[in-house]
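> Sending over a structure as structure tokens; questions will come in a sec.
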Amino acid sequence: MFRKVLIANRGEIACRIISTAKRLGVNTVAVYSDADASAKHVRMADEAVRIGKPDVAQSYLLADKIIAIAKETGCDAIHPGYGFLSENPDFVTAVEAAGITFIGPSADAIRAMGLKDAAKALMLNAGVPVVPGYHGTDQCVETLSAEADKIGYPVLIKARAGGGGKGMRLVEDPTEFADALAAAQREGQASFGDPVCLIEKYITSPRHIEVQVFGDSHGNVVHLFERDCSLQRRHQKVIEEAPAPDMPEAVRAAMGKAAVEAAKAVGYQNAGTVEFIVDGSGPLRTDGFWFMEMNTRLQVEHPVSEAITGLDFVELQFEIAAGHALPFAQDDLTITGWAMEARVYAEDAVQGFLPATGTLNHVSFPKGAEFELGSVRIDSGIAQGDEISPWYDPMIAKVIVHAKNRETARSLLVKTLEDCRVAGCVTNLDFLSELAGDSDFAAGNVDTDLIARNLGTLIPTGGPSALVTALGAVGGAGLLPDRTPNAWSNLTGMRLWGTAEHLIAFRDDTGETQVRVTVHGEGHFTVDDLSFSLTPTKDGWRALTQDYKTDVQVFATGTTVTVFVNGRCNVFNCVDPLEQDDEQGNGGDNVTAPMPGLVAQVFVSKGDVVTQGSDLMILEAMKMEHRLTAPRDGIVAEILCEEGNQVSDGTILLQLEEQDTVDE
């Protein structure tokens, strides 16, 4: 076994690797950017070394510097985690040339599977079924459009070096092909430094099922069963489970065999995942799945496979990299129970899943395991007080559950998600709870279009209840009763003459709402027409109205108030009265950044006439493109940004003026 390992990554996966290393008695070295100086993975590691600036190109992608740090700190191995340099064959070669062991597959295997077009040609030769498509090198839009016509719409455009949904576009109308191709090429270049794309037939009612494989240096390759990753949004996985629903044993055996053959075709060693697109229009069948790609690294969703097999995949990675043979054969492996994983992100589902930033002022997860097996397991790279920055993937945690059967696991997932508390930044927790409770998902009727198809029921459209709004107002006014009562507690909001009244304004995308808070003392309030009281509990308050009572939690930081009631999170943005007058009269003239990001393209110039909904610019956040459009008809008065600018949430990017103003 190794003496000291450098983890060339950050966040949750770095913490996950460090956890297993500690259990094995292996010392760890973390690297960190300036944005991660106080991050959890830095605190967990035995040593930590600054790598560079927040931009990944100046920190976590600095291969030479990472290898130099590994040598300076006496590391005999490097674990890449996932993302960043994990699938860079040149990095693997450089690591091994430095006399350090790379905990992962060989450079040749990564190179063979790294480009989707070459990998599919290789799979065809190995007898593995492949989706019909164009995998050639001619990237002329006319050629690719003609190939799409031959394949037949709908088609999927995919960056050949892509992953995580980046550089991928579904095209159903030939007239939209050119724009979709350009967008996929831009994302491919931005995310992977490679704009080359391939075209594939889009499978109707597709399911995304992948098979976990492990190979060692002694010629052994096994599969550790399948995971269903069909619940996706914009080709990014949201909830994963193992095993796959309604999987016949014959299909499981066929897919497992195909995955093993794919791995053997490149002499694969260490952990990998072979991904298949599956025809989900009817019962799964042995001739209804096709190879998509192979991820030559550990997957984000690996914990669900760990749960059903009882194995620690990071430990297996260490053992294989150290030259040991797999400790089991295929026939030794069995499936136990059912596991599900939900990815908790800092993103606003109501606002089109825009990534969010902020300081996590309160974080509490249900009691369970961390980075190891358990009925409830929370893998997270953050802690209370940490900041979600615009520089990296906005994942907060992975919530994993394991139970004896699928329905029990699903019910446990719903309950666990409802018990998660994250304040200080908008999250997708409510969306995940709704998705885990969706009737189609509960019945196992899953495919990659489920979220898009059911989006209207998965994202709440109604406003908060009167009680929830009242709690937000009390929190925003700083009037929450003291949870550790003292002699002064009952004086909160007290006035010598009459009752204390406060006017609180909230802002959301529809405008501003004002409520009036009247304080009666001793935790009693009237907010508009609702009267209620708050009494302290162990971790919050008991809210009591005339005919209803419930436990609540309220966290107020600055102008943001987060209210948790009945497993749901409600965020209120209070308006500073001093700012209200200054913000009057904008009248929709300002186009602001809805999230922090990079200005990738600007389509208009000063003086251009625009109509409502016309494209203004593209903002890139977390390597995904977000198109900003004109909120109304008008003329571009000023452009306050340039392509390549990094902007923060709320930055004014462009100003409009009425056409009449110019004509006069």
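> Computing the accessible area with a 1.4 Å probe over protein heavy atoms, can you report the carbon and sulfur percentage for the range 305-360?
The computed percentage sits at 49.
> Here is a follow-up. Report, by chain and number, residues whose modeled amide H sits under 5 Å from the one on Ala77, excluding near sequence neighbours (fewer than 5 apart, same chain).
Here Lys4, Leu6, Thr101 satisfy the definition.
> At 0.36 nm per residue, and after removing the present C-alpha to C-alpha distance, how many nm does the segment from Ala178 to Thr518 gain when stretched out fully?
116.5 nm
> Return the long-range amide H neighbours of Ile239 (sequence gap of 5 or more, or a different chain), with a cut-off of under 5 Å between placed amide H atoms.
So Ile239 has HN proximity to Leu231.
> Can you compute the charge dipole magnitude of the range 309-422 about its Cα centre, using +1 on each Lys and Arg Cβ and -1 on each Asp and Glu Cβ, nothing else charged? Give it in debye, rounded to the nearest 20.
So the dipole magnitude of the range 309-422 works out to roughly 440 debye.
> Can you tell me, using C-alpha contacts under 8 Å and at least 6 residues apart, the relative contact order of the range 318-388 as a whole percent?
23
> Between Gln330 and Asp194, what's the calculated FRET efficiency when r is the beta-carbon distance and R0 is 41 Å? Round to 0.05. It would help to have the intermediate numbers written out before the result.
Numbers: r = 35 Å, r/R0 = 0.86.
Taking R0 as 41 Å, the efficiency between Gln330 and Asp194 is 0.70.
> Between the range 446-478 and the range 247-266, how many Å separate their Cα centres?
Here the two parts' Cα centres lie 42 Å apart.
> Then there's this: Give the residue from Thr93, Ala265, Ser375 lying farthest towards the positive end of the charge dipole for the chain; charges sit on Cβ (+1 for Lys and Arg, -1 for Asp and Glu) and the dipole is referred to the Cα centre.
Ser375
> Let me ask something else about it. What does the charge count near Gly74 come to, summing +1 for each Lys or Arg and -1 for each Asp or Glu among other residues with Cβ under 13 Å from its Cβ?
Once positives and negatives cancel, what remains is -1.
> Looking at Ala397, Leu455, Ala35, which one has the Cα that reaches farthest to the positive end of the dipole of the chain (charges on Cβ: Lys, Arg +1; Asp, Glu -1)?
Ala397
> So, one more: Provide Rg and Dmax in Å for the range 408-463, with only Cα atoms included in the calculation.
When restricted to the Cα atoms of the range 408-463, Rg and Dmax are 12.0, 35 Å.
> A follow-up question, please. Give me the distance between the Cα centres of the range 300-341 and the range 503-565, rounded to whole Å.
The distance from the Cα centre of the range 300-341 to that of the range 503-565 comes to 48 Å.
> So what's the range 272-344 giving for Rg/Rh, alpha carbon basis, Kirkwood Rh from the mean inverse pair distance?
Rg/Rh: 1.01.
> Next question, about the same structure. Which percent of the accessible heavy-atom area of the range 1-155 goes to carbon and sulfur, probe 1.4 angstrom?
C and S atoms contribute 51 percent here.
> Also: Rounded to the nearest 10 degrees, what's the angle between the helix 116-125 long axis and the longest principal axis of the chain, both from Cα atoms, 0 to 90?
40
> Among the lysines, which fall within straight-line cross-link reach of Lys53, defined as a Cα-Cα distance under 17 Å, with same-chain neighbours fewer than 8 residues apart omitted?
Lys65
> Taking 51 Å as R0, compute the FRET efficiency from the Cβ-Cβ separation of Asp287 and Asn573 and round it to 0.05.
About 0.45, to the nearest 0.05.
> Here's something else I'd like to know. To the nearest 0.05, what FRET efficiency results for Ser217 and Glu96 with a Förster distance of 22 Å applied to their C-beta separation? Write down the numbers at each step before the final one.
Values: r = 13 Å, r/R0 = 0.61.
For R0 = 22 Å, the calculated efficiency reads 0.95.
> Here's something else I'd like to know. Under the rule a/c < 1.5 gives rounded, and otherwise a/b versus b/c splits prolate from oblate, where does the range 219-268 land using the Cα gyration tensor? Can you show the working numbers first?
Working: a/c = 2.82, a/b = 1.55, b/c = 1.82.
Because a/c hits 1.5 or more and a/b fails to exceed b/c, the range 219-268 counts as oblate.
> Also, I was wondering about something else. With only alpha-carbon atoms in the gyration tensor, what are the semi-axes of the equivalent ellipsoid for the chain, in Å, largest first?
Semi-axes from the Cα gyration tensor: 44, 32, 25 Å.
> Okay, moving on. HN-Hα J couplings of the range 303-309 from phi, Karplus 6.51/-1.76/1.60, θ = phi - 60°, integer Hz, Gly and Pro as x?
Result, rounded to whole Hz: x, 5, 6, 4, 5, 7, 9.
> In square angstrom, what is the accessible area per residue of the range 221-330 with a 1.4 angstrom probe? Write out the running numbers ahead of the final one.
On the way: 3050 Å² over 110 residues.
Ligands and nucleic acids excluded, the result is 28 Å² per residue.
> Continuing with this model, one more query. Rounded to the nearest 10 Å², what accessible area does Leu530 have for a 1.4 Å probe in the complete protein model?
40
> By the scheme Lys and Arg +1, Asp and Glu -1, what is the net charge of all other residues having a beta-carbon under 9 Å from that of Leu373? Mind dumping the intermediate values first?
Values: positive: Arg377; negative: Glu306, Asp312, Glu372.
Summing Lys and Arg as +1 and Asp and Glu as -1 gives -2.
> While we're looking at this one, here's another question. Once amide H atoms are built 1.01 Å from N in the peptide plane, which residues 5 or more positions from Glu293, or in another chain, come under 5 Å H to H?
Those lying under 5 Å, H to H, from Glu293 are Glu275.
> Tell me, what is a quarter of the convex hull surface for the C-alpha atoms of the range 162-267, in nm² with one decimal?
Seen from a random direction, the Cα hull of the range 162-267 projects 8.5 nm² on average.
> Also, I was wondering about something else. With a ≥ b ≥ c the root eigenvalues of the C-alpha gyration tensor of the range 1-77, is it rounded (a/c under 1.5), prolate (a/b larger than b/c) or oblate?
On the way: a/c = 2.18, a/b = 1.35, b/c = 1.62.
Note, shape of the range 1-77 comes out oblate.
> So, one more: For the range 88-204, rounded, prolate or oblate, judged on the Cα gyration tensor with a ≥ b ≥ c (square roots of eigenvalues), a/c < 1.5 rounded, else prolate if a/b > b/c?
Here the range 88-204 falls in the prolate category.
> Moving on. Looking at the chain only, what percent of DSSP beta bridges run antiparallel? Nearest 5 please.
Expressed as a percentage, antiparallel bridges in the chain total about 90.
> Shifting gears a bit: Return the sequence-ordered ³J(HN,Hα) values of the range 251-260 in whole Hz as given by the Karplus equation 6.51 cos²θ - 1.76 cosθ + 1.60 applied to θ = phi - 60°, using x for Gly and Pro.
Karplus-based 3J(HN,Hα) across the range 251-260 equals 6, 4, 5, 5, 5, x, 5, 5, 5, 5 Hz.
> Place +1 on the Cβ of every Lys and Arg and -1 on the Cβ of every Asp and Glu in the chain, take the dipole about the Cα centre, and give the residue among Gln58, Ile209, Pro303 whose Cα lies farthest towards its positive end.
Pro303
> Next question. Take every Cα-Cα pair in the range 327-477 and report what % of them are more than 28 Å apart.
Distances greater than 28 Å cover 28 percent of the Cα pairs.
> Could you give the distance between the Cα centres of the range 356-392 and the range 174-218, to the whole Å?
Rounded to whole Å, the Cα centres lie 30 Å apart.
> What dipole magnitude, in Debye to the nearest 20, does the range 88-237 give about its Cα centre under +1 on Lys/Arg Cβ and -1 on Asp/Glu Cβ?
340
> State log₁₀ I(q)/I(0) for the range 28-171 at q = 0.17, 0.19 Å⁻¹ as given by the Debye formula over alpha-carbon point scatterers of equal weight, solvent excluded.
Relative scattering, expressed as log10 I(q)/I(0), comes to -0.98, -1.10.
> What's the magnitude of the charge dipole for the chain around its Cα centre, counting Lys and Arg as +1 and Asp and Glu as -1 at the beta-carbon? Answer in Debye, nearest 20. Working shown, then result.
Details: 54 positive and 94 negative charges, 509 e Å.
Computed about the Cα centre, the dipole is about 2440 debye.
> Could you do me a favour and compute the accessible area per residue for the range 415-468, 1.4 Å probe, result in Å²?
About 38 Å² of surface per residue is accessible.
> Right, something else. For the peptides 20-32, 279-291, what is the packing order when you average, over each peptide's residues, the other Cβ atoms within 10 Å and list the highest mean first?
20-32, 279-291
The values are calculated or read from the model by the stated rules, or taken from the named source; none is laboratory data. Remember, predicted model here, so these are calculated numbers, not experimental data. Every residue, glycine as well, gets a Cβ built from its backbone with ideal geometry; the counts of neighbours run over all protein chains shown. Each accessible area value is taken on the protein alone, full model and side chains, heavy atoms only, with ligands, DNA and RNA left out. Shrake-Rupley method; radii C 1.70, N 1.55, O 1.52, S 1.80 Å.
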